[in-house]
């Protein structure tokens, strides 16, 4: 199982999300941490990160370093790639 690490920017992004959606994101992250590459999609443009998770209308941009999932950004799908 992978360890999930949030950057400061990701934690700031998470503050702007309502509680119900935060709970759903946390549940899915626990599930995805078992085998992240099964659920992840590789990003075409790796400026903001290498992979993404899709959780409803939200996207989590992340990198994998050893046995750590480093969450870089969290945002709504319409805003995250800008």
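Gain on full extension, evaluated as 0.36 nm per residue between residue 42 and residue 24 minus their Cα-Cα distance, stands at 4.3 nm. Rg/Rh, computed from the Cα trace of the chain with Rh as the Kirkwood radius, has the value 0.92. When you work out D = kT/(6 pi eta Rh) for the range 20-65 at 20 °C and 1.002 mPa s, using the Kirkwood radius from C-alpha pairs as Rh and the Stokes-Einstein form, the result is 195 µm²/s. Were the residues from residue 33 through residue 81 laid out at 0.36 nm apart, the gain over their Cα-Cα distance would be 15.0 nm.
Per-residue ellipticity at 222 nm computed for the chain from its helices equals -9000 deg cm²/dmol, with DSSP H segments shorter than 4 residues left out and the rest contributing -39,500 (n - 2.57).
Every number in this text was worked out from the coordinates using simple rules, so none of it is lab data. In this text, all values refer to a predicted model and were calculated from it rather than measured experimentally.
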